[in-house]
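Please treat every number below as a calculation from the coordinates, not as lab data. Quick caveat: nothing in here was measured; it's all calculated off a predicted structure. Note that each Cβ is placed from the backbone with ideal geometry, even for glycine, and that neighbours are counted across all protein chains shown.
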């Protein structure tokens, strides 16, 4: 009988964690067929160590074309940690001898990622007014990471991202005049190549940020990291879809653009608000197209989940947000 | 002619049963999925109630904007193409109003609690 994931993890941990006597509380958290997240504790005489495994099981090595790949993610997280960016500590990068597939093991960071809790629970009341400024500072540090030390990543421009979005939208073969309006606006308002090319996190928003009562504790999920216009990250976190009802607080439903920008500029970096606005429009459309993609995956299987189907019906949310951005009926 | 109760009434009855009788008995991930399921049934009930009226009005607006009649799908395709090519845009008379009305009608079915939608409804009233 082949070894279970738990047995393989215990064997793996023993090779690099001195004193470890085994593992406990292993539980699979989430993910689809191609990528898994596990939580487990390393049993150690000095006290258990909470850890997270992120891996692509054997046979699922190839990342989809947009993904940086788990190897690159591990390096990015290590670099972020070394630069003082709130980040889990990468403890081990999987090797073939581990027989666990590709991926890495990192320290587990306590905190919350569920937006509604972060935006409503009393526990986070003191953190909320500080978050936008803090996150501006975190983004500035991410954008300041030196390119030569980073892994190879895709190089994206506004024009190439418009092209990909348009291709994805056309492949859905379902007319959505508001999406065409947004694509046309993006083409007409493309600010051109960024004067500066930096590391872009690519998915800096609720869900990928661990928040504690003291503020941001860790940046997760570098899967969509690439090189490009740093203003993209600032625009993406302002997309209305991540405000969870708090629509007058553009940054994640907890803060203002001014606070985000002030935190960014306090780290000796400049914000270009017009570019940020451009990327907010792009991000809104991107989430809309992604919702439609969920619906397509629901139809084509193998995951005919009701949740996927219902996410398809959320694309109209991005249509009203695009109209509020591009054809406002009143001052917002 | 099919008999009563109507599909809307049946779906509402099932959603009510799931909401009132089953929800208290379920916990964990299945409770989340049950909520999604109830939302789906509510959405279908809203669509069955609202779709005919909004589709007819949308088709009329599109026919006027494009100067031709066709199926709702083909008219939407034609508008999307014209916008993409820049032949029609927000400056074209009636286009912004049409896109707004169509989008509001979609949200009324898909997500009537979405904050942007509720805000736009309020603004329209005032």
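What percent do you get for the relative contact order of the stretch A:5-107 when only Cα pairs under 8 Å and 6+ apart count?
24 percent
For chain B, modelled as a Gaussian network with Cα springs under 10 Å, which listed residue fluctuates most, B:16, B:53, B:67?
B:67
Mind giving me the FRET efficiency for residue B:2 and residue A:3? R0 is 51 Å, r the Cβ-Cβ distance, nearest 0.05 is fine.
Values: r = 58 Å, r/R0 = 1.14.
The value I calculate is 0.30.
Give the distance, in whole Å, between the Cα centre of the stretch A:122-144 and the Cα centre of the stretch A:192-215.
Computed from Cα coordinates, the inter-centre distance equals 11 Å.
For chain A, find the longest principal axis of its Cα atoms and tell me its angle to the long axis of helix A:5-16, 0 to 90°, nearest 10.
80 degrees
In whole angstrom, how far apart do the alpha carbon centroids of the stretch A:229-274 and the stretch B:32-76 sit?
34 Å
Would you mind computing, in nm to one decimal, how far apart the modelled labels at residue B:125 and residue A:91 are, each placed 7 Å from Cα along Cα→Cβ?
Between residue B:125 and residue A:91, the label points sit 5.4 nm apart.
Simple spin-label model, 7 Å along Cα-to-Cβ: residue B:59 to residue A:267 in nm?
It works out to 5.5 nm between the two label points.
Output the 0 to 90 degree angle, nearest 10, between the alpha-carbon long axis of helix A:128-143 and the longest principal axis computed from the alpha carbons of chain A.
80 degrees
Using 0.36 nm per residue of separation minus the Cα-Cα distance, give me the extension gain between residue B:68 and residue B:49 in nm, one decimal.
4.1 nm
Full-extension gain between residue A:121 and residue A:37, please, as 0.36 nm times their residue separation minus the C-alpha to C-alpha distance.
Values: separation 84, 0.36 × 84 = 30.24 nm, distance 2.59 nm.
Extending this stretch completely gives an extra 27.7 nm.
Rounding to the nearest 10 and keeping the result within 0 to 90°, find how far the Cα-based axis of helix B:72-85 lies from the longest principal axis of chain B.
Taking Cα atoms only, the helix is inclined about 50 degrees.
Would you mind computing, in nm to one decimal, how far apart the modelled labels at residue A:82 and residue A:113 are, each placed 7 Å from Cα along Cα→Cβ?
In this crude spin-label approximation the distance works out to 2.5 nm.
Let me have the 222 nm mean residue ellipticity of chain A computed from DSSP H runs of 4+ only, each contributing -39500 (n - 2.57), with the sum over all residues rounded to the nearest 500.
-13000 deg cm²/dmol
What FRET efficiency, computed as 1/(1 + (r/R0)^6) with R0 = 41 Å and r the Cβ-Cβ distance, is obtained for residue A:304 and residue A:46, rounded to the nearest 0.05?
0.30
Report relative contact order for chain A in percent, whole number only (criteria: Cα-Cα under 8 Å, sequence separation at least 6).
16 percent
Using alpha carbon centroids, what distance separates the stretch B:77-126 and the stretch A:156-176, in Å?
Taking the Cα centre of the stretch A:156-176 as reference, the centre of the stretch B:77-126 is 21 Å away.
Identify which of A:265, A:232, A:73 has the largest mean-square fluctuation in a Gaussian network model of chain A, with springs joining Cα atoms closer than 10 Å.
Of the options given, A:265 has the highest mean-square fluctuation.
For the stretch A:274-332, what relative contact order do you get, as a whole percent, if you take Cα pairs closer than 8 Å and at least 6 residues apart?
Details: 45 pairs, mean separation 22.0, N = 59.
Relative contact order comes out at 37 percent.
With a 10 Å cut-off between alpha carbons and a GNM built on chain B, which of B:87, B:14, B:95 moves the most?
So, out of B:87, B:14, B:95, the one fluctuating most is B:87.
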